[in-house]
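Read through the structure below, which is laid out as structure tokens, and then see the notes.
The values are calculated or read from the model by the stated rules, or taken from the named source; none is laboratory data. Source: prediction; values computed, not measured. A quick note on method: Cβ atoms are made from the backbone with ideal geometry, for glycine too, and the neighbour counts reach across all protein chains shown. These accessible areas exclude ligands, DNA and RNA; they are computed on the full protein's heavy atoms, side chains included. Shrake-Rupley method; radii C 1.70, N 1.55, O 1.52, S 1.80 Å.
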Amino acid sequence: MTKGKVSRRGILAIAGAAALVAAHRGSLAQTEKPATDLKPGEWSWYPERATSGPVAVVVSLSDQLAFVYRNGIRIGVSTVSTGRQGYETPTGVFSVLSKEKMHHSRAYNNAAMPDSQFFFGGCALHAGRLPGYPSSHGCVHLPSAFAERVFGVTHHGTPVIVTNERSGVGSMTHAGLVLTDRDLKDIETLTGHVAGKSLPRDREGEDDDAISIIVSGADRRLIALKNGSEFIDADIGIEHPRLPLGTHVYVLNGIDPATHTYDWMAVGLGTGHETALDVQREIAVTARLVIPPNVYEQIARNLHPGATMMLTDLPAHPETRTATDFVIMRDRKSA
């Protein structure tokens, strides 16, 4: 090609390159805007706020936003597109059941689903189309660069909490699990079971267990699952049983070695804003639970960072949890 002259093919090549750059910028629409000001495809990611510990993903359907927390600290927020009418994304408390770097949908013409994280049936977090309104067949679509980042920080059993409204999140420490106070010797023994344990892994062949616990106020029962299998099913007591428990989720961050306390991330579902969490109220709710000592000790022996505990007023029968793995509790609007 003669210097100073550009052929039609050259013009097309330049235009194509410019389009690719523009598309790449769109997929990397990192921004520091407040969450409510994000436009479709925009997201923020600041992992330096918390560099280690368990992660939770909270999706607000009304806001079409997903929030990512690590150790109770928000490290990311993104616009999403959830299930359209007739294919609504289910609300409730779920867990990451499986992860695939590149999944192809058998149900929808072999459609590509990059960075898929399945949390209920065929519903997954994954990179997808973001028109600014619910448009999927039930999955939660994320911007591609954001989906890749979330995929890199989650683990087997990571909670995925889908609500109609935004949910409050905060940190909570408590001497005796989230269940009861014990004397110092007991606490040192019980919290010692968690010391040195790591997050569950999501690679096949690993033997790390992922624990999920549900307390049902309706049944007055505690059920614990380990990798999808029940290993505790016990009657419990609830002080002031006529008062509702509400719906709460707790994710174990780890142990404070100086004070021998459990450090939890607390999630209050549907509080309307991610900062609207009354930690003292969360502690007060857990203090009403009366757990038999042998059950309490069995839970403590099996706890690990990333373990999830859920409190609900709903019954804990099979219809309110996943068939093969962790518990799901649906919002009252969709129960």
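So here's what we get for this one:
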{"read-out": "Placed amide H near Ser135: partners under 5 Å, 5+ positions off or other chain", "value": "Thr82, Arg84"}
{"read-out": "For the stretch 241-248, Karplus couplings with θ = phi - 60° (6.51, -1.76, 1.60), whole Hz, Gly/Pro x", "value": "x, 6, 7, x, 7, x, 10, 9"}
{"read-out": "Net length gained if the chain between Arg49 and Asp256 were fully extended (0.36 nm per residue, minus Cα distance)", "value": "72.6 nm"}
{"read-out": "Inter-site label distance for Glu239 and Val290 at 7 Å from Cα along Cβ, in nm", "value": "1.0 nm"}
{"read-out": "Estimated distance in nm for a label pair at Glu32 and Gln280, the labels positioned 7 Å out from Cα along Cα-to-Cβ", "value": "3.5 nm"}
{"read-out": "Span from the the stretch 32-73 Cα centroid across to the the stretch 246-264 one, whole angstrom", "value": "21 Å"}
{"read-out": "Built amide H within the under 5 Å cut-off of His103, gap 5+", "value": "Met113, Asp115, Ser116"}
{"read-out": "Cut-off under 5 Å, modelled amide H: who pairs with Asp219 long-range", "value": "Ala316"}
{"read-out": "Residue-wise HN-Hα coupling along the stretch 50-67, computed from phi with Karplus coefficients 6.51, -1.76, 1.60 (Hz; x: Gly, Pro)", "value": "8, 8, 8, x, x, 10, 9, 10, 10, 10, 9, 5, 5, 8, 6, 9, 10, 10"}
{"read-out": "Among 117-124, 243-250, 131-138, the order from most to least packed when residues are scored by Cβ within 10 Å on average", "value": "117-124, 243-250, 131-138"}
{"read-out": "Solvent-accessible area per residue, Å², over the stretch 60-164 with all protein chains present [probe radius 1.4 Å]", "value": "36 Å²"}
